[in-house]
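The values are calculated or read from the model by the stated rules, or taken from the named source; none is laboratory data. These figures come from a predicted structure and were not determined experimentally. Here the Cβ is made from the backbone with ideal geometry for all residues, glycine too, and neighbour counts use every protein chain on show. Surface areas here come from the heavy atoms of the whole protein model, side chains and all, with no ligands, DNA or RNA. Shrake-Rupley method; radii C 1.70, N 1.55, O 1.52, S 1.80 Å.
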Amino acid sequence: MNKANYRPEIDGLRAIAILPVIFFHAHIPLFSNGFMGVDIFFVISGYLISSIIFKQLEGGNFSFLNFYQRRVYRILPALLIMIFCVLLASLLLLNPNEIKQLTLTVFSSIFFYSNYYFYGTLNYFSAQTEFFPLIHTWSLSIEEQFYLVFPFLSFLLFRKNLILFFKFILIFFMIYSFVSMIKISITSIEGNYFYSTMIRSWELLLGVSAAIIHHKIKQNKLTNVLSFFGLILILVGFCLKSNNYLYPNLYTLFPTIGTFFIILFSKPDTLTTKILSYQIIVLIGLISYSLYLWHQPIFALYRNFNLTPLAPLDIFILIVSIFLISFISYKFIEKPFRQKKINHSGKILLVMIMLNLMIAVLILMNNDEIRKYSSNEKDMIELIDKHKSINEEKYVEKHMRCYDLYTKDISAESILTNNKNNGCETITNNNFPTIVLIGDSHAAYLGHHSFERYLKNEKLNYIQFTFSRCAPLVKNKSDICNKINNYVKNKLEEIKPDIIFNFNTFRIKEYAQNESQFIEEHIEELSKLRNHTKKVYLIGQIPTYHPSLPKKLLSMQSKNYKKFISIDEVEKSALQANKETESEIRKYKQIEFVSLIDLFCKNNLCQIASDNNLKESIYIFDYGHLTDKGAKHIYKQKIYPLIKDIKEIN
């Protein structure tokens with residue numbers, strides 16, 4: 001864009017977008033909605049790209065070659081340098097499985113389909129994402145996919161003077177994309193639609209709409225008010241408590257409409273333009289692309305190195321490093337390539353692409369030979385790979401009849417129908433006592449590995465209601481979970497079981513913003529079930545490990561792994577949640593508490609395996625889900641004595 005058309009407030013908007021994104025990935029509490037900055041980028045991109053295309057089409061000098069050449073020089077140089085550095089750093093900081101996954105991400109990032117790669121592999125709001133150096137490339141892929149389609153559509157319709165038809169198509173797709181977003185945010189449990197180009201298209205098209213309308217709006221008193229209102233909308237969006245796990249949703253209107261208003265109504269003399277045009281804000285906006293490229297790799301690689309939550313000093317040093325590296329990237333990579341100050345820049349880019357791909361392929365082919373590991377370390381790496389498959393869709397569908405990962409867009413009705421058809425609600429003999437297990441995925445693995453296995457030969461009816469990412473009994477963020485919970489409550493009232501076991505995590509952010517409030521509400525709802533049963537047991541919080549138990553072990557200096565680990569390695573949030581749960585439950589005589597912390601942890605040591613051969617005997621396969629050995633240990637030590645009592649009574 002030439003200087004005559006330059007709008008400094010747009011760079012200011014970029015600064016408003018990138019800073020919360022950085023602070024969000026740093027896990028600074030006030031910026032839990034910082035990911036909304038990407039929505040601002042989408043609207044800005046739609047506006048700027050369409051403005052360039054429309055102006056050139058109207059002037060009769062639009063060239064596809066020139067357009068895509070500009071995009072390549074704008075996006076690729078800094079991206080390729082960042083990927084190259086990440087690949088080299090990964091050889092030192094990641095284990096073979098993680099390096100393999102990273103190389104696959106490299107391919108998807110260079111060819112701009114990483115949003116679909118992550119759609120099938122990783123929820124953006126899961127704890128794992130903080131260890132993925134290239135997770136942030138999903139948004140670049142969406143933008144590049146938009147750039148592949150939009151110029152051709154604009155060219156065809158402008159050439160044939162179908163401007164009205166173009167506007168109709170624009171409005172139709174924008175509404176269709178927006179309505180699809182609203183529908184899936186209400187009906188989905190999994191939030192992987194976060195990466196969907198179709199769901200995100202309306203944000204880019206909103207920017208296109210701004211490009212069409214902007215030049216028709218003249219400055220007046222109302223423009224000053226509306227542009228400032230847009231800034232307020234953005235700031236409010238960052239502050240609201242939203243259901244980020246199922247995002248984008250209606251809350252996305254705050255950053256997008258706010259950006260739309262600023263683009264439309266900010267004029268040279270409006271207050272918003274003056275605020276966003278401060279030199280320091282504009283400077284941050286100018287380097288925002290490099291800031292976006294470098295912030296996640298630096299955070300992720302450091303977390304892979306350190307494996308503990310970032311301390312305030314860590315955050316400060318890392319953010320200063322991010323700004324320093326980003327400024328260098330902007331000054332010596334972005335700007336020279338964009339302004340074509342580098343000779344043979346096209347050939348250099350081609351070499352950079354080939355170099356990255358060649359390194360990725362070589363790493364993929366020789367992954368096991370890159371670093372030397374002890375036999376114990378190799379066992380732990382195999383363990384990570386082995387148990388990763390346990391949480392995948394194929395394994396769950398084949399082996400776990402009373403559990404569904406919900407990787408498809410389905411309704412509460414279909415989930416409950418599957419549960420019923422799979423025999424998870426069947427009472428085989430009315431004369432036998434009935435035991436019910438309710439909970440989330442943690443309960444599903446406990447039920448699969450122990451209850452189902454050991455109750456087969458007992459004169460008992462066993463019923464299981466365990467649903468992924470659904471906190472039992474209490475109000476959830478997901479409407480599907482709320483429908484499931486209503487069904488389960490009614491079913492329990494109908495069945496009137498002899499024992500109800502409840503097992504779920506109390507420290508996962510998708511359940512509640514306030515952990516203490518969630519614990520109180522959950523126990524209160526659980527106490528009401530006592531009217532429909534003889535016994536109610538709440539199985540307490542299991543010890544959890546950040547980012548996972550196997551990875552935690554790999555990072556320890558001593559590679560002579562034993563079946564005990566220091567309690568200091570357990571997540572503090574898990575210990576605190578267990579303490580709060582145990583304290584709250586004392587208020588209710590109707591519920592008995594089954595402590596797993598007491599089972600696993602004694603004298604400042606926590607047992608993590610049944611023996612020192614961890615590869616075959618470890619209790620937890622990720623951060624807190626049970627293996628068959630872990631479930632068996634809980635069942636034999638804690639559950640069976642309680643079931644034995646009810647059998648003797650009957």
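Check each of the trypsin sites (Lys or Arg not before Pro) in the range 527-558 and keep only those in coil by DSSP with at most 15 other C-beta atoms within 10 angstrom; list them in order.
Values: sites: Lys528, Arg530, Lys534, Lys535, Lys551, Lys552; in loops: Lys534.
Filter output for the range 527-558: Lys534.
Using only alpha carbons, build the gyration tensor for the range 447-587 and give me the equivalent ellipsoid semi-axes, biggest first, whole Å. Please list the in-between numbers first.
Values: eigenvalues 181, 80, 42 Å².
Over the Cα atoms of the range 447-587, the semi-axes work out to 30, 20, 15 Å.
Restricting to the chain, what percent of DSSP beta bridges are antiparallel, rounded to 5? Write out the running numbers ahead of the final one.
Working: 7 of 26 bridges.
The antiparallel proportion sits near 25 percent.
With runs of 4+ DSSP H residues as the only contributors, calculate the mean residue ellipticity of the chain at 222 nm using -39,500 (n - 2.57) per run, divided by the residue total and rounded to the nearest 500. Intermediate values should be presented prior to the final figure.
Values: 29 runs with 384 residues, N = 650.
Calculated at 222 nm, the ellipticity per residue is -19000 deg cm²/dmol.
Quick one: what do you get for the range 184-223 if you divide its Cα Rg by 2.2 N^0.38 Å? Walk me through the intermediate numbers first.
On the way: Rg = 16.1 Å, N = 40, 2.2 N^0.38 = 8.9 Å.
In units of the 2.2 N^0.38 Å rule of thumb, it is 1.80.
How much accessible area per residue does the range 210-343 have, in Å², with a 1.4 Å probe?
Values: 6410 Å² over 134 residues.
Result: 48 Å² of accessible area for each residue.
With the contact rule set at Cα under 8 Å and sequence spacing of 6 or more, what percent relative contact order holds for the chain? Write down the numbers at each step before the final one.
Working: 954 pairs, mean separation 94.9, N = 650.
So the answer I get is 15 percent.
Give the long-range amide H neighbours of Cys601: residues separated by 5 or more places, or on another chain, with amide H under 5 Å away, using H modelled in the peptide plane at 1.01 Å from N.
Residues meeting the amide H criterion: Gln607.
Mind grabbing the accessible area of Val436 for me, 1.4 Å probe, Å², rounded to tens?
Its heavy atoms expose roughly 0 Å² to the probe.
Taking a 22 Å limit on the Cα-Cα distance, which of the listed pairs Lys378/Lys572; Lys528/Lys587; Lys456/Lys629; Lys456/Lys632; Lys420/Lys535; Lys491/Lys632 fall beyond it? Walk me through the numbers on the way to the answer.
Values: Lys378/Lys572 28 Å; Lys528/Lys587 13 Å; Lys456/Lys629 18 Å; Lys456/Lys632 14 Å; Lys420/Lys535 24 Å; Lys491/Lys632 28 Å.
Correct reply: Lys378/Lys572; Lys420/Lys535; Lys491/Lys632.
Using modelled amide H (1.01 Å from N, peptide plane; none on Pro or chain starts), what sits under 5 Å from the amide H of Tyr462, excluding residues fewer than 5 places away?
Thr428, Ile435
Compute the distance from the alpha-carbon center of the range 282-357 to that of the range 84-159, in whole Å.
Centre-to-centre distance over Cα atoms comes out at 15 Å.
Going by Cβ distance under 4.7 Å, what cysteines of the chain have no possible disulfide partner?
Taking the Cβ cut-off of 4.7 Å, the unpaired cysteines of the chain are Cys85, Cys239.
Hey, what angle do you get for helix 345-365 against the long axis of the chain, alpha-carbon based, 0 to 90 degrees rounded to 10?
It works out to around 10 degrees.
Scale the Cα Rg of the range 404-492 by the rule-of-thumb value 2.2 N^0.38 Å and send over the ratio, two decimals.
Against the empirical 2.2 N^0.38 Å value, I get 1.08 for the range 404-492.
Taking the Cα centre of each part, how many Å lie between the range 12-57 and the range 436-471?
Taking the Cα centre of the range 436-471 as reference, the centre of the range 12-57 is 45 Å away.
Give a quick list of trypsin sites (Lys or Arg not before Pro) in the range 293-384 that DSSP marks as loop, anything other than H, G, I, E or B, with at most 14 other Cβ atoms within 10 Å. Let's see the in-between values first.
On the way: sites: Arg303, Lys331, Arg338, Lys340, Lys341, Lys347, Arg371, Lys372, Lys378; in loops: Lys340, Lys341, Arg371, Lys372.
Here the trypsin sites (Lys or Arg not before Pro) that fit, given the DSSP loop and packing criteria, are Lys340, Lys341, Arg371, Lys372.
Considering every pair of different Cα atoms, what Kirkwood radius, in Å, is found for the chain? Each step should come with its number before you reach the end.
Details: mean 1/r = 0.0369 Å⁻¹.
Evaluated on the chain, it is 27.1 Å.
Using the 2.2 N^0.38 Å rule of thumb for compact globular proteins, work out how the range 54-185 stacks up: its C-alpha Rg over that value, please.
Against the empirical 2.2 N^0.38 Å value, I get 1.34 for the range 54-185.
Per-residue HN-Hα couplings for the range 606-612, Karplus 6.51 cos²θ - 1.76 cosθ + 1.60 at θ = phi - 60°, whole Hz, x for Gly and Pro?
Per-residue couplings from phi come out as 10, 7, 10, 7, 6, 8, 7 Hz.
List the residues, sorted by chain then number, that are 5 or more residues from Thr627 or on another chain and whose placed amide H is less than 5 Å from its amide H.
Residues meeting the amide H criterion: Ile620, Phe621.
Residue by residue through the range 325-336, what is 3J(HN,Hα) from phi via Karplus (6.51 cos²θ - 1.76 cosθ + 1.60, θ = phi - 60°)? Round to whole Hz and write x for glycine and proline.
Each residue's phi maps through the Karplus curve to give 5, 5, 5, 4, 4, 5, 5, 10, 10, 4, 4, x Hz.
Report the trypsin sites (Lys or Arg not before Pro) located in the range 15-98 that are in a DSSP loop and have at most 11 other Cβ atoms inside 10 Å of their Cβ, or state none. Could the numbers behind the result be given before it?
Details: sites: Lys55, Arg70, Arg71, Arg74; in loops: none.
In loop regions of the range 15-98 (DSSP not H, G, I, E or B), there are no sparsely surrounded trypsin sites (Lys or Arg not before Pro).
So which of Lys100/Lys551; Lys489/Lys636; Lys55/Lys335 end up more than 19 Å apart, counting from Cα to Cα? Kindly include the intermediate steps, with their values, before the conclusion.
On the way: Lys100/Lys551 15 Å; Lys489/Lys636 28 Å; Lys55/Lys335 23 Å.
Lys489/Lys636; Lys55/Lys335, as the Cα separations exceed 19 Å there.
Longest span of the chain, sites excluded, free of GluC sites (Glu not before Pro) in DSSP loop with at most 16 other C-beta atoms within 10 Å?
Numbers: sites that count: Glu392, Glu458.
The reported range is 1-391.
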